[in-house]
Amino acid sequence: MYDLVTGPFAWVAFGTFVIGMIVKLVSLIILARKKDKVVFDHLDLGWSIRSIFYWLIPFGSRGMRQKPVFTIISFAFHVCLLTTPIFLLSHNILWDEKWHITWWTVSERTADYMTLILIGSAMFLVIRRIVSPEVRIVTTAYDYILIAIATAPFITGYLAYHQWFDYKTILIIHIISGEVMLIAIPFTKLSHMVIFFLSRSHIGSEFGQRRGSKTW
Amino acid sequence: MRKERIILYVAITILISVFALMHVYAQEDVFVVEDSAFKDNRQRPPALFPHDEHNEKARIEECSVCHHVYQDGKRLPEESSEGQECSECHKLKRQDNVRPLMKAYHDMCRGCHQKRKVEAKKLGPVTCGECHPRKTEIAKGLMED
């Protein structure tokens, strides 16, 4: 089973993620050309980059400054989500053994804390959707499923690292949950990890280049 | 007493003495893969490794299969390095293009287990936690200091 999930399943997951994201990007750009050709007249690199930049740094945009607690937790969530699996020692060892690629790693203890921060902030995001009326009204089951898909690899990873319950079963569930997340990205809102740059570039240019107003 | 009987008794006595002597001179069995270089830089509990039992199961007879010696990038087939710590050549960080210590261990253990798996022989563990279990007394003791 371990061979299956780390072999063919992993290929399918990474393949779907990469090809799916490329198809998604290209089809969105083609769609924009068809439906909203004018957008391309206003695209401006300077305004795009500024808009993207201010939305990538903590408290860079006005909305973030208005909701400091949410901003801090949201950033903690996203930073841990992206960096923990990439700089995890055990993942790096697998990359190294299969492809002879290595890069920086964080210590196992640091990764452990980062995982806890991620799980904690995910819980905050769930509670926020339940208790905050303006968020609840736009929340459907789909949103909870997405948070679950994104958080499952970390919960199972934490269990596997600490070897709680049956180690091999948890490890296999962990790998599968990571693959489910990768596959889900192109087909769901999780694709904002790439689409974010398109929409910020669009809005930044639209308001900046045309009206000279900041969108952050 | 018949002559054959005496020969048999002598043979048995010699055999028992040899086994007894072998036991005295045999090195103490090793149960974990330990290297002093990891002491202040331990990420996981050391790999469990019942040396003698492992080699019996894996049918490894030559020490140099694992305790190898390399010179100028070439393996010296006649030489072996038991009694030496792996970290004498394999440093924590890659040096002089000698693979770093952790990678050397992983390649040696996991690499062989993977290879044998492909060859469909009986296989040893390949996942992290199977070699680095946390629940053993050895693991607990080492991770605490």
Item checked: J(HN,Hα) series, the stretch A:53-66, from Karplus relation 6.51 cos²θ - 1.76 cosθ + 1.60, nearest Hz, glycine and proline x -> 4, 5, 8, 8, 9, x, 6, x, 10, 4, x, 5, 5, 6
Note to self: For the interface of A with B, what's the total buried accessible surface in square angstrom, probe 1.4 angstrom, rounded to the nearest hundred?
What the structure shows: 1500
Next item on the list: May I ask you to give the solvent-accessible area per residue for the protein assembly as shown, in square angstrom, as obtained with a 1.4 angstrom probe?
Entry: 66
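Averaged across A:159-172, how many Cβ atoms of other chains sit within 10 Å of each residue's Cβ atom?
On the way: counts 0, 3, 4, 3, 9, 2, 0, 0, 7, 4, 0, 1, 4, 1.
Other-chain Cβ atoms within 10 Å of each residue's Cβ, averaged: 3.
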Item checked: Per-residue HN-Hα couplings for the stretch A:202-215 [Karplus 6.51, -1.76, 1.60; θ = phi - 60°; Hz; x = Gly/Pro] -> 4, 5, x, 6, 4, 7, x, 5, 7, 10, x, 9, 7, 10
Margin query: At a 10 angstrom cut-off on C-beta neighbours, averaged per residue, how do the peptides A:118-130, A:15-27, A:170-182 rank from highest to lowest?
Written below: A:170-182, A:118-130, A:15-27
Margin query: Can you pull out the chymotrypsin sites (Phe, Trp or Tyr not before Pro) in the stretch A:83-123 whose DSSP state is coil and whose Cβ has at most 14 other Cβ atoms within 10 Å?
Written below: A:Trp103, A:Trp104
Next item on the list: Output ³J(HN,Hα) for the stretch B:80-92: one whole-Hz value per residue in order, computed from phi by the Karplus curve 6.51 cos²θ - 1.76 cosθ + 1.60 with θ = phi - 60°, and x for Gly and Pro.
Entry: 9, 10, 5, x, 9, 7, 4, 6, 5, 10, 8, 7, 4
Check: Within 10 Å of each Cβ of B:98-109, how many other protein chain Cβ atoms are there on average?
Finding: 1
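For the stretch A:165-203, state which chymotrypsin sites (Phe, Trp or Tyr not before Pro) are in a DSSP loop and have at most 16 other beta carbons lying within 10 Å of their beta carbon.
Numbers: sites: A:Phe165, A:Tyr167, A:Phe187, A:Phe196, A:Phe197; in loops: A:Phe165.
Counting only loop positions with at most 16 other Cβ atoms within 10 Å, the chymotrypsin sites (Phe, Trp or Tyr not before Pro) in the stretch A:165-203 are A:Phe165.
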Check: What percentage of the solvent-accessible surface of the stretch A:2-209, computed with a 1.4 Å probe over protein heavy atoms, is contributed by carbon and sulfur atoms?
Finding: 75
Check: In terms of modelled amide H atoms, which long-range or inter-chain residues lie less than 5 Å from the amide H of B:Lys91?
Finding: B:Leu101
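The values are calculated or read from the model by the stated rules, or taken from the named source; none is laboratory data. Computed from a prediction, not measured in an experiment: that's the story for all the values here. A quick note on method: Cβ atoms are made from the backbone with ideal geometry, for glycine too, and the neighbour counts reach across all protein chains shown. Keep in mind that these areas ignore ligands, DNA and RNA; they rest on the heavy atoms of the full protein, side chains included. Shrake-Rupley method; radii C 1.70, N 1.55, O 1.52, S 1.80 Å.
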